[in-house]
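The values are calculated or read from the model by the stated rules, or taken from the named source; none is laboratory data. Just so it is clear, the model here is predicted, and its values are computed rather than measured. Heads up, the Cβs are rebuilt from the backbone with ideal geometry, glycines too, and the neighbour counts pull from every protein chain shown. Only protein heavy atoms, including side chains, enter the accessible area calculation; ligands, DNA and RNA are left aside. Shrake-Rupley method; radii C 1.70, N 1.55, O 1.52, S 1.80 Å.
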Amino acid sequence: MLVDLQDGELVHGENFSLFAAMSALEIMDPKMDSGIERSGYYSIDEAIEDGIAPVPLSLDRTLDIQRTLDVIDHLFSCEATWHKGHTLAQTVFTCIYLMKMERISSHAVLNSFCRILRATCNSVISVVSTARTHEEEDLFTMSFGLPLNGEGDDKCLSVLNSVEETISRQLRACKSQALSKKKTLEEFESLQDNPELEEGYCRALLCRLRFRKHFHHVVTCMRKPQGRGLDLARKHVTSCLAELSSMLKSQEFLKSQSDITSQKGDESCTTASGCRPIGFDVSLNSRLLSPAPPRAVQILAWSDAIRYFEKLLHDLDIICALSLDPVLENVLHFIAQFQKSVPDLVPRAFLQTLLVQDGKLYGRDLFCDVISRALSLPDIIGDKEFQSNEFVVQLGQLVTNLLKILCTNTAWQRRKLGKSLQDWSTISIQLELALKREFGETRNVLADENMCMRVSKQLLVWSQEHTYWIASRFLILGFELDLYSPSEYCMVYWYMHVVFIKLIEKMQLRILASNENSRRKGKKKKDHSKDSVRDTPFPSSCLLLQCYVLLSEGLSMLLAALRKESKSFQSPSIFNTEQERFMQHFDLLQKAQIPECITYYSFKEAAAQAHMADVMKYNFFKEIQKIIPSLKGSFASEPEKLAELRQIEQVAEHNRIALNIINHVGASDPKLRVSFEFTHHPHFAVAVVKRS
């Protein structure tokens, strides 16, 4: 029996649910069904028959070269757009010449370019798939059955080198011809028919082909195991940047030869000449996108593509400059610093595949050995019993996952860090229980304690330190993602202050234990365990953390005092209470009990005790200014940390001045207006005081 469906009715199976409807595709809806779109061509052959991708590109040799350069430039823009997270089918493989490579075998320049581009795309997909960072841009690695592997692609470099050498000879002939002031082109085969334009077209083609060659070398060298190709990759990165500069210089010449007199603007052109390229059809592969609804893709402008590749190459250069130091703290610092530049998917994938190879750091160092170095216990490096210890194995897996998480984008990184806190907290609890079970309640470092006891204690402290480091990064990333409103700054800075204090505490315990290990190697002294606490000079990293503690505590107390005395920074919501917002922001920390016994009521009690007089009395911002000078000397050879110190100093100075003004005028003055801005530091706000 046939039944007509009315609007809103749906044919579905018994197991269908509203949850399943979220991932369902509606047939015959242009917004959902990629196959319903009727514009464009139904097949490549149909497009070719219609003359959309002629070979040669023109019977006029000069126009053929112009159009070849336009195709190359548009492919360059398409590649950058693909790197930004769009699909290959809607970017690079909208080119019919790339889809049907056998048609351009007679066109040496275009054939060599397309072959090496295809090989490079295949290599990049392999790197991103290995790193699995594409979960955030899940369309990146989908090939949709496109011809990514072609016969002879393994020889793409030799083919390109041959074409490059031919054009180089022509360019040299042009230069020698100019010196001899001859106008004939009899001694060599020119690219096109106009002698006056030959040199310009040779230069434009050469820089594009050379960029493609060097970029392929960069990708190939960085894929070599154990970082063996990093030095060579840096040389090719330098060459790529030089060729990009030459490509920019060629733009003026190419524009002068285009027949376009009025243009909409360079910001939307996907070619250097400003001309629309031939041989492309955006709807050609739309029917291959059945797993996902069709979406409009705006190809990056050529100038934007240049800027993208410049940043990409600079990011890759930073990765290639990595010293491959097996010290975990240095690796974590490097990743955190690298992420400040907001790298795109491709460089983050290369970084992850460099850091974690075959379950080892850089493919060389077992993570159990990395942990033993972090514990300052070189005697147990390579020790089979230590390597097989269940806690060491679990910590090694957690460190591996941590490095992978830190290489994801900011949003995914924060989410995954929050979820991983439960695992770190659990293993710390298990270590503590095992330590109590095996050795009782002893916590002091004893002169005669055995190696097993020392290792267990240091593993516990080390795991707790990294748990709090992850928690601090989780909180800080919330500022980068704009997750906190001004009315929530007080609770956020209060929680950061508590976490930073715990982090310093665990860091100092680890340093004491490391110094104790060093003393054991030398001559034993009586009561040396008592002297170790008194004599140990803590490193500058602890003092830098102390600055963060003071900043967080100062800002939280200032905000709490303003909330209490001026009734500002209180924005009650009809949707949720302050306690609910507290749990929304810190639920993952609370579940992992980081720190222990810290609840919303702890925050409320601390905020209730805050007074402007106390903020002035303790003057946290002034204390920071006392610490900064000594840190500047310690970090004299580290420009990144010096820059961080300058930012902290500016935040402290501006907040100190603002605090004095608020105290002088009176926080309860109705004309006083205080706001907080992130003008000097991305994570620590500056109070801005105005009178209405």
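Some values worked out for this structure:
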{"item": "Ranking by accessible area, most exposed first, for F215, F334 with a 1.4 Å probe", "result": "F334, F215"}
{"item": "Residues in region 69-95 that a label on A296 would reach, taking backbone N under 17 Å of a point 7 Å out along Cα→Cβ", "result": "86-87, 90-91"}
{"item": "FRET efficiency, K436 to S376 (Cβ-Cβ, R0 25 Å, nearest 0.05)", "result": "0.60"}
{"item": "Approximate spin-label separation K311-N663, in nm, with each point projected 7 Å along Cα-to-Cβ", "result": "4.3"}
{"item": "Loop sites in region 34-119: GluC sites (Glu not before Pro), DSSP, at most 12 other Cβ within 10 Å", "result": "E37"}
{"item": "Rounded to the nearest 10 Å², the accessible area of M583 at probe 1.4 Å", "result": "70"}
{"item": "Difference of contour (0.36 nm per residue) and Cα-Cα distance, E165 to N194", "result": "8.4 nm"}
{"item": "Solvent-accessible area of L232 with every protein chain in place, 1.4 Å probe, in Å² to the nearest 10", "result": "80"}
{"item": "Check: region 39-316 dipole with +1 on Lys, Arg Cβ and -1 on Asp, Glu Cβ, in debye", "result": "900"}
{"item": "Point-to-point label distance, S485-R228, nm (Cα→Cβ direction, 7 Å offset)", "result": "5.7"}
{"item": "Signed unit charges on C-beta, dipole axis of the chain, positive-most listed residue A667, S239, I72", "result": "A667"}
{"item": "Förster radius 35 Å - calculated FRET efficiency between A613 and Q647 (Cβ-Cβ, nearest 0.05)", "result": "0.75"}
{"item": "Kyte-Doolittle at least 0.5, axis length at least 20 Å by Cα - qualifying DSSP helices, the chain", "result": "108-131, 390-406, 540-565"}
{"item": "Rel. contact order, % - alpha carbon contacts under 8 angstrom, at least six apart, the chain", "result": "11"}
{"item": "Exposure ranking of H216, H680 by accessible area [1.4 Å probe, largest first]", "result": "H680, H216"}
{"item": "Accessible area (Å², 1.4 Å probe, nearest 10) - C114", "result": "0"}
{"item": "Gained length - E605 relative to S43, 0.36 nm times residue gap less alpha-carbon distance", "result": "195.3 nm"}
{"item": "Theoretical gain in end-to-end length, T130 to Q625 [0.36 nm per residue, Cα-Cα removed]", "result": "173.6 nm"}
{"item": "Alpha-carbon gyration tensor eigenvalues x 5, square-rooted, for region 39-316, Å", "result": "30, 23, 18"}
{"item": "Computed E for C542/S323 - FRET, C-beta separation, R0 25 angstrom, nearest 0.05", "result": "0.60"}
{"item": "Reference-scaled alpha-carbon Rg (2.2 N^0.38 Å with N residues) for the chain", "result": "1.19"}
{"item": "Taking region 39-316 and dividing mean pair separation by its residue count, relative contact order in percent (alpha carbons under 8 Å, at least six apart)", "result": "30"}
{"item": "Relative contact order (percent, whole number), region 593-657, Cα cutoff 8 Å, 6+ residue spacing", "result": "36"}
{"item": "Probe 1.4 Å, all protein chains present, accessible-area order of T271, T353, largest first", "result": "T353, T271"}
{"item": "Among G554, F215, M616 - extreme Cα towards positive end, dipole of the chain, charges at beta-carbon", "result": "M616"}
